[in-house]
Structure formats: C-alpha cells, structure tokens
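The values are calculated or read from the model by the stated rules, or taken from the named source; none is laboratory data. Predicted, not measured: the structure shown is a model, and the values here were computed from it. Don't worry about glycine lacking a Cβ; one is built from the backbone with ideal geometry, like all the others, and counts go over all protein chains shown. We work out accessible area using only protein heavy atoms, side chains counted, and drop any ligands, DNA or RNA first. Shrake-Rupley method; radii C 1.70, N 1.55, O 1.52, S 1.80 Å.
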Amino acid sequence: MGRNILRTVASTIVGIVVAFALLWLAQYAGNELSPDVYDLETGEVLIPLASTIALLIGWFVGTFGGSWLAMRMSASANAGWIVAGAVIGAGLYRAVTLADTWWIMVLGVAIPLAAAWLAQRAATTAPVAA
C-alpha cells in the first residue's frame with residue numbers, strides 16, 4: 001500500500017515536470033516564430049496569433065506527454081489526471097492574470113481534459129513491459 005502511494009506521488013511529480021517542460025518548449029518556439037509586439041501608443045503588449053496557437057499546442061502536448069508518462073509510471077490513471085489538473089490550474093491562472101478572452105479560458109480547460117483522456121486511452125492500450 002505504501003509503495004503504491006509513493007509510486008503515484010513520484011510519477012505525478014515527474015509527469016507535472018514533463019508537462020510544464022513540454023509546454024515551455026512550445027511557448028518558446030511560438031515566441032521565436034512571432035515575438036510579442038509592444039504598442040507604444042496604447043502601452044499594450046500585442047500577442048500574435050502564432051504565439052496563441054503555440055500555447056494551445058503546448059497545453060495539449062504537455063498535458064498528453066506528462067499525463068501519459070505519469071499514468072504509465074504509476075500504473076493508475078489518477079496520476080495523469082492530477083497532471084491535467086495542474087495544467088488546467090496554471091492555464092486558468094495565466095488567463096485571469098493576463099485578462100484573456102473567455103475562449104482562451106474555455107480552451108484552457110477543454111484542451112488539457114481532452115489530452116488527459118487521450119493519454120489515458122493510450123496508456124491503457126500500450127503493452128506493459130515486464
């Protein structure tokens with residue numbers, strides 16, 4: 001019993017680290033392709049479409065990768081759903097602090113949920129190594 005809990009906690013931590021590393025890589029790539037522009041007249045930071053698309057892709061890839069890894073390491077789906085919850089929480093925090101539009105907030109919940117669901121399906125269909 002105690003080993004299962006430690007295994008789940010360790011796999012959750014690893015999954016969260018992997019998820020946020022993949023998310024950071026996607027955001028970095030999007031920012032390199034089209035960097036943010038500062039409007040001197042209004043004082044706003046204009047975020048280009050490519051950066052937003054990279055963020056959405058990062059949410060999916062990060063959640064899928066981190067959740068899948070956590071589910072495979074712990075042999076349970078619970079760890080992967082916790083990873084998805086961490087990405088959702090970070091996405092909503094980002095959306096609220098930057099005053100994003102409502103659709104970014106909706107996608108910030110929907111994309112990680114879909115990615116975790118797909119990761120759960122992929123983790124349960126993958127053969128278990130002995």
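Looking only at residues that are free of Cβ contacts under 8 Å to residues at least 12 places away in the same chain and among the hydrophobic types (A, V, I, L, M, F, W, C) in segment 105-122, which one is surrounded by the most Cβ atoms within 10 Å (Cβ to Cβ)? Restricting to residues being free of Cβ contacts under 8 Å to residues at least 12 places away in the same chain and among the hydrophobic types (A, V, I, L, M, F, W, C), the top hit is 117. Restricting attention to segment 80-104, the residues being open to solvent by 10 Å² or more (accessible area, probe 1.4 Å), at pLDDT 90 or above and aliphatic (A, V, I, L, M) number 4.
State yes or no: is residue 63 among the polar types (S, T, N, Q) and touching a residue at least 24 places away in the same chain (Cβ under 8 Å)? Criteria met by residue 63. Could you pull out the residue among 37, 14, 9, 18 that is of a type outside the set (Asp, Glu), loosely packed, with under 15 Cβ neighbours inside 10 Å, out of contact with any Phe, Trp or Tyr (no Cβ under 8 Å at 6 or more places or on another chain) and closer than 19 Å to residue 82 by Cα? Only one candidate passes the filter, namely 9. Residue under question is residue 30, and the condition is that it be open to solvent by less than 20 Å² (accessible area, probe 1.4 Å) and under 23 Å from residue 121 (Cβ atoms); does it hold? No: the conditions fail for residue 30. Restrict the check to segment 33-43 and report whether at least one residue is free of Cβ contacts under 8 Å to residues at least 12 places away in the same chain, of a type in the set (Gly, Ala, Ser) and over 20 Å from residue 93 (Cα atoms). Yes: one or more hits. Selection of segment 20-59 for residues being touching a Pro at 6+ places or on another chain (Cβ under 9 Å) and over 20 Å from residue 99 (Cβ atoms) yields 33, 34, 35. Here is a list of conditions, (1) farther than 17 Å from residue 98 by Cβ; (2) over 10 Å from the mean Cα position of the chain (by Cα); (3) surrounded by 14 or more Cβ atoms within 10 Å (Cβ to Cβ), and residue 62 meets all of them except one; can you say which number that is? Exception for residue 62: condition (2). Within segment 66-97, being without any contact (Cβ under 8 Å) to a residue 60 or more places away in the chain and either in contact with a strand residue (DSSP E or B) (Cβ under 9 Å, 6 or more places away or on another chain) or of a type in the set (Val, Ile, Thr) (or both) holds for 88, 96, 97.
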